[in-house]
Amino acid sequence: LPFKPTFLGVYLWDFGDAKPMNLDYLKYELEYGLDLWRRREIEGFVFLATSVCNKNLETVEFVRDWLSAHGAETR
């Protein structure tokens, strides 16, 4: 629907395999998503991670660093 905003859902946990999301896949997804956002093809990101945010996971730390680098970015 052209009038509905589109967001990219980013999982930090692989619920199917019950383990952290593959870091290489996560990096690719965020790179691709940032490109989509810059081209205005999506409105933003939704990070689905509330159950793992307080765990010491590499994926969580990577996303925190990524958000620090890109969170204030404007188009």
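The values are calculated or read from the model by the stated rules, or taken from the named source; none is laboratory data. Everything numeric here is computed off the predicted structure, so don't read it as measured data. When we count neighbours, we look across all protein chains shown, and the Cβ atoms used for this are built from the backbone with ideal geometry, even at glycine. Only protein heavy atoms, including side chains, enter the accessible area calculation; ligands, DNA and RNA are left aside. Shrake-Rupley method; radii C 1.70, N 1.55, O 1.52, S 1.80 Å.
Below is a table of values for the structure above.
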item	result
Per-region count, the stretch 1-14, residues of a type in the set (F, W, Y) and buried (at least 17 other Cβ atoms within 10 Å of the Cβ)	2
Pair list, Cβ under 8 Å, 6 or more apart: the stretch 18-39 residue charged (D, E, K, R), other residue open to solvent by less than 70 Å² (accessible area, probe 1.4 Å) and assigned to a helix (DSSP H, G or I)	K27/F62
Which numbered condition A72 misses (of (1) out of contact with any Phe, Trp or Tyr (no Cβ under 6 Å at 6 or more places or on another chain); (2) open to solvent by less than 70 Å² (accessible area, probe 1.4 Å))	(2)
Residue list for the stretch 15-63, filter: open to solvent by 100 Å² or more (accessible area, probe 1.4 Å), modelled with pLDDT of 95 or more and farther than 30 Å from P2 by Cα	D24
